[in-house]
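Notes for the one structure printed next.
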Amino acid sequence: MSLPPLAAYPALRLRRLRQADWTRRLVRETTLAPADLIWSMILHDGEGRLPVAAMPGVERLSVTEAAKAAVEARALGVPAIAVFPYIDGARKDAYGTEATNPDGLVCRAVKAMKDASPEVGIMCDVALDPFTDHGHDGLIQDGLIVNDASVERLVQQALVQAEAGCDIIAPSDMMDGRVAAIRHALEAAGFQDVMIMAYAAKYASAFYGPYREAIGSAKALVGDKKTYQMDPGNTDEALREVALDIAEGADMVMVKPGMPYLDIVRRVAETFSMPTFAFQVSGEYAMLMAAAQNGWLEEERAILESLHAFKRAGCAGVISYFAPRAARLLGA
Ligand code: PBG
């Protein structure tokens, strides 16, 4: 970026515009509002709410609680909720059979939430990891995560979610070709208005640790996800991933994790001019909360500043476990 010539000091004193709250608000380049947030929510198949130890303040919600939360989201002005299921170990197998159960936890929750609060968008994660006994997002053959057979399963999963009333299908599996396959299947099944938000540039990250506890896949995971999720050293590859998903029919794209990858957010937003989202993942949530609980960070300021950073980087919105709390802080 080249700047026009600036007046020299003291004609130009940049602090003039920072002298009072009203003038800071007046010249603020980006803003954060409840409408920028997608509430990341963990579901479970029991009763009530269960705390997640590694994520203080986050609870797994029952279907009934999730429906109440959808009503709360509407009142808070939070446009959408992304759901992630904790699946009992006894229901997991190598094939992720439970992922395509139309009466499974995700489908029942989607229906209950849409019934309770139809104005709130519901987003479902497409990946097999909550449902497989090996904890991977795809299928394993001869010790390898196989691409094309996994895509077939993911398409079935997406269709079951769309059937349940899901508004946004969000493939997080990082298999090649899955967005095209899902888009094609949705069109063919009459779901032309169901949106796809692709986890387009998703990295093999240590920051997903607490999530795996939250959904109960931590103990299950065999090995790592480096053959399908991206290498944290790469940035050009992120543009190729995003370009491919857009060409395949993604309506919105996502970068994940969030705060450590704001450089990727900026490049993606500038390059493609598509609605670009970032996921402030479980590890980011845990870090902020741990520091705040030790008295090392001002909790509420740090939450809002971390979310605002995504807007400044070029995001249309942020998927976050802080969404309801941040919306309340923003005074919705
Ligand atoms: C599943 C999935 C993951 C997350 C969202 N969807 C974990 C992973 O890929 O291992 C992470 C969310 C978080 O850490 O908050 N594919």
Whole-Hz Karplus couplings 3J(HN,Hα) for the range 89-97, θ = phi - 60° and coefficients 6.51, -1.76, 1.60, Gly and Pro as x, run x, 5, 9, 9, 8, 5, 8, x, 3
Could you work out [θ]222 nm for the chain from helices alone, using -39500 (n - 2.57) per DSSP H run of at least four and dividing by all its residues? Round to the nearest 500 deg cm²/dmol. -11500 deg cm²/dmol
For residue 134, what accessible area in Å² do you get when you roll a 1.4 Å probe over the heavy atoms of the protein chains, rounding to the nearest 10? 20 Å²
Out of 212, 25, 91, any idea which swings most in a Gaussian network model of the chain, alpha carbons joined below 10 Å? 25
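If you add up the charges near residue 288, with Lys and Arg at +1 and Asp and Glu at -1, over every other residue whose beta carbon is less than 15 angstrom from its beta carbon, what do you get?
-3
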What does the range 131-216 give for Rg and for Dmax, in Å, if only its C-alpha atoms count? 13.6, 39
Can you tell me how the range 38-193 classifies by the Cα gyration tensor, rounded, prolate or oblate, using a/c under 1.5 as the rounded cut? oblate
Need the list of aspartates and glutamates near residue 114 for cross-linking: C-alpha distance under 15 angstrom, and skip anything on the same chain fewer than eight residues off. 65, 72, 163, 167
Candidates 141, 156, 229: whichever shows maximal mean-square fluctuation once the chain is modelled as a Gaussian network with Cα springs under 10 Å: 141
Max mean-square fluctuation residue, GNM over the chain, Cα-Cα springs under 10 Å, options 291, 67, 278: 291
Under 28 Å between alpha carbons, and skipping anything fewer than 8 positions from residue 226 in its own chain: which lysines qualify? 92, 202, 256
Whichever aspartates and glutamates have a C-alpha closer than 16 Å to that of residue 311, once near sequence neighbours (fewer than 8 apart) are set aside: 29, 36, 263, 270
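Net charge around residue 234, counting only other residues with Cβ within less than 10 Å of its Cβ (Lys, Arg = +1; Asp, Glu = -1)?
Details: positive: 240; negative: 231, 236, 237, 241.
Around residue 234, the charge tally is -3.
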Just the accessible area for residue 217, please: 1.4 Å probe, Å², rounded to the nearest 10? 0 Å²
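The values are calculated or read from the model by the stated rules, or taken from the named source; none is laboratory data. No experiment lies behind these values; they were computed from the predicted model shown. Note that each Cβ is placed from the backbone with ideal geometry, even for glycine, and that neighbours are counted across all protein chains shown. When the accessible area is computed, the model is the full protein with side chains, heavy atoms only, and any ligands, DNA or RNA have been set aside. Shrake-Rupley method; radii C 1.70, N 1.55, O 1.52, S 1.80 Å.
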